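Please read the structure below before turning to the comments.
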Amino acid sequence: MNSLRTRRSIIAATLASAALVLTACGGGSTPAQSGGDTSLSDVKSKGELVIATEGTYRPFSFHAEGAGDLTGFDVEVAQAVAGKLGVKAAFQETQFDGIFAGLDSKRFDTIANQISTNDERKAKYEFSTPYTVSTGVVVTKSDNSSINSFADLKGKTTAQSLTSNFYKMAVEAGANVQAVEGWAQSATLVQQGRVDATVNDKLTYLDYAKNTPDSGLKVAAEAPDKTESAFVFRKGSTELTAAVDKALADLQADGTLAKISEKYFGADVTK
C-alpha cells in the first residue's frame with residue numbers, strides 16, 4: 001500500500017511539474033507576442049489609418065472656403081499613403097499644442113501636420129522619411145525696418161504655437177513669445193501690431209501671400225538651414241513606419257507627390 005501511494009505521489013508530482021513547465025512556456029510566449037510590434041496589423045485590422053491634423057493650417061490642413069471639406073497638402077499626401085496601405089484615411093482634428101499628447105494617448109496612429117524633425121522629437125517618437133522640405137522664415141509687417149535677420153528678434157515679441165519647432169527657433173533667437181493656436185492667429189497679431197513678428201514655415205507664408213495679396217506682411221529673414229517634415233509615430237511603431245516609408249517611396253516614384261505639390265505650391269517641395 002505504501003509503495004502504491006509512493007508511486008502515485010511520484011506520478012502526481014511529475015504531472016504537476018510538467019504542468020508548471022507548460023504554464024511557464026505559455027506565459028513566456030504570450031507577453032512576448034502581446035508586447036511585439038502590432039502597429040501595422042492594428043491599422044490593417046481596423047481598416048483605417050487614424051491621422052491627427054489641425055484643420056486650420058492652410059495650405060497643409062484646412063477646410064475649403066472655411067466650412068467645406070477638410071483638404072490641404074498634408075491631407076492629400078496622407079490620403080495617398082493610406083491608399084497605398086490599403087486602408088481608409090480617418091482624420092481627427094486637434095489643436096497643435098495637444099497633438100503630441102493625443103498621439104501618446106493612442107487617440108490616433110500618426111500625425112500629418114508639417115511636423116518638422118529635430119533631435120528632441122526623434123528621441124521620443126519615430127518619423128517617416130520626410131515628405132516636405134522647406135525653411136523657417138521671420139514674418140513682419142511690410143513697413144517694419146527693425147527686423148532683418150533672426151538675430152534682430154532678440155528682445156522682440158513673436159507669436160508662436162508653443163510646441164512647434166518654430167517656437168524653439170524664436171526662443172533661441174532671443175525673442176519673447178506670445179502663445180497662439182496657429183498661423184492664422186499669428187498673422188493677425190502681426191498685422192495688428194500686437195507682436196513684432198512670427199516665425200513659421202516659408203510655404204505657409206507663400207500660400208498666405210498668394211491668397212491674401214494685400215495682407216501687409218513680408219518675409220523679413222529666412223533661416224539658412226532647411227527643415228524637413230514627416231509623419232510622426234509612437235516609439236515602437238516600427239512596422240507601420242516602414243510601411244509608410246515604402247508608400248512614400250512609391251508615391252514619389254509614380255509622381256503622385258510631385259503632382260500634389262504642384263497643385264498647392266507650383267513646385268515640387270517634397271525633395
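Every read-out reported here was derived from the displayed coordinates using simple, explicitly stated rules and does not represent laboratory data. Keep in mind that this is a model prediction, so the values were computed, not measured. Every residue, glycine as well, gets a Cβ built from its backbone with ideal geometry; the counts of neighbours run over all protein chains shown.
If R0 is 22 Å, the Cβ-Cβ spacing of residue 194 and residue 154 corresponds to a FRET efficiency of close to 0.70. Summed over qualifying helices (DSSP H, 4 residues or more, each -39500 (n - 2.57)) and divided by its residue number, the chain shows a 222 nm mean residue ellipticity of -13500 deg cm²/dmol. Taking a point 7 Å from the Cα of residue 214 along the Cα-to-Cβ direction, the residues of segment 174-195 with backbone N closer than 20 Å to it are 187-193.
Relative contact order, whole percent, for segment 151-271 stands at 18, derived from Cα pairs under 8 Å and 6 or more residues apart.
Quick one: dipole size for the chain, taken about the Cα centre, charges +1 on Lys/Arg Cβ and -1 on Asp/Glu Cβ, in debye to the nearest 20.
Numbers: 28 positive and 32 negative charges, 268 e Å.
Its charge dipole is roughly 1280 debye.
Label-to-label distance, residue 44 versus residue 90, with points set 7 angstrom from Cα along the beta-carbon direction: 1.8 nm.
Sequence gap at least 6, Cα distance under 8 Å: using those rules, report the relative contact order of the chain to the nearest whole percent.
Values: 459 pairs, mean separation 65.8, N = 271.
Answer for the chain is 24 percent.
To the nearest 20 debye, what charge dipole does segment 113-271 have about its Cα centre, counting +1 at the Cβ of each Lys and Arg and -1 at the Cβ of each Asp and Glu?
Dipole magnitude for segment 113-271 comes out near 240 debye.
Under 25 Å from the Cα of residue 218, which lysines turn up, not counting those fewer than eight places away in the same chain? Candidates past the 8-residue exclusion: 141, 154, 156, 168, 202, 210, 226, 263. Springs between Cα atoms under 10 Å define the GNM used for the chain, and in it the highest mean-square fluctuation of 236, 55, 68 occurs at 68. Applied to segment 213-230, the Karplus parametrisation 6.51 cos²θ - 1.76 cosθ + 1.60 on θ = phi - 60° returns per-residue 3J(HN,Hα) values of x, 9, 5, x, 10, 8, 8, 8, 7, 10, 5, x, 9, 7, 10, 10, 10, 8 Hz, with x for Gly and Pro. Of all the options 163, 140, 53, the one that moves most in a Gaussian network model of the chain with Cα springs shorter than 10 angstrom is 163. Once backbone amide H atoms are built at 1.01 Å from N, residue 217 has 142 as its partners under 5 Å, excluding neighbours fewer than 5 places away on the same chain.
On full extension of the chain, what length is gained from residue 67 through residue 123, given 0.36 nm per residue of separation minus the C-alpha to C-alpha distance?
On the way: separation 56, 0.36 × 56 = 20.16 nm, distance 3.71 nm.
The span from residue 67 to residue 123 would gain 16.4 nm if fully extended.
For a straight C-alpha distance cut-off of 21 angstrom, the lysines reachable from residue 46 (same-chain residues fewer than eight places away being disregarded) are 84, 88, 106, 235, 246. Relative to one another, the C-alpha centroids of segment 97-162 and segment 175-206 are positioned 12 Å apart.
Please identify the trypsin sites (Lys or Arg not before Pro) of segment 104-209 that satisfy two criteria: DSSP loop assignment and at most 15 other Cβ atoms within 10 Å. Which are they?
On the way: sites: 106, 107, 121, 122, 124, 141, 154, 156, 168, 194, 202; in loops: 106, 107, 154, 156, 194.
Answer in residue order: 106, 107, 154, 194.
Electrostatic bookkeeping for residue 72 treats Lys and Arg as +1 and Asp and Glu as -1; over the other residues with beta carbon under 12 Å from its beta carbon, the sum is -4.
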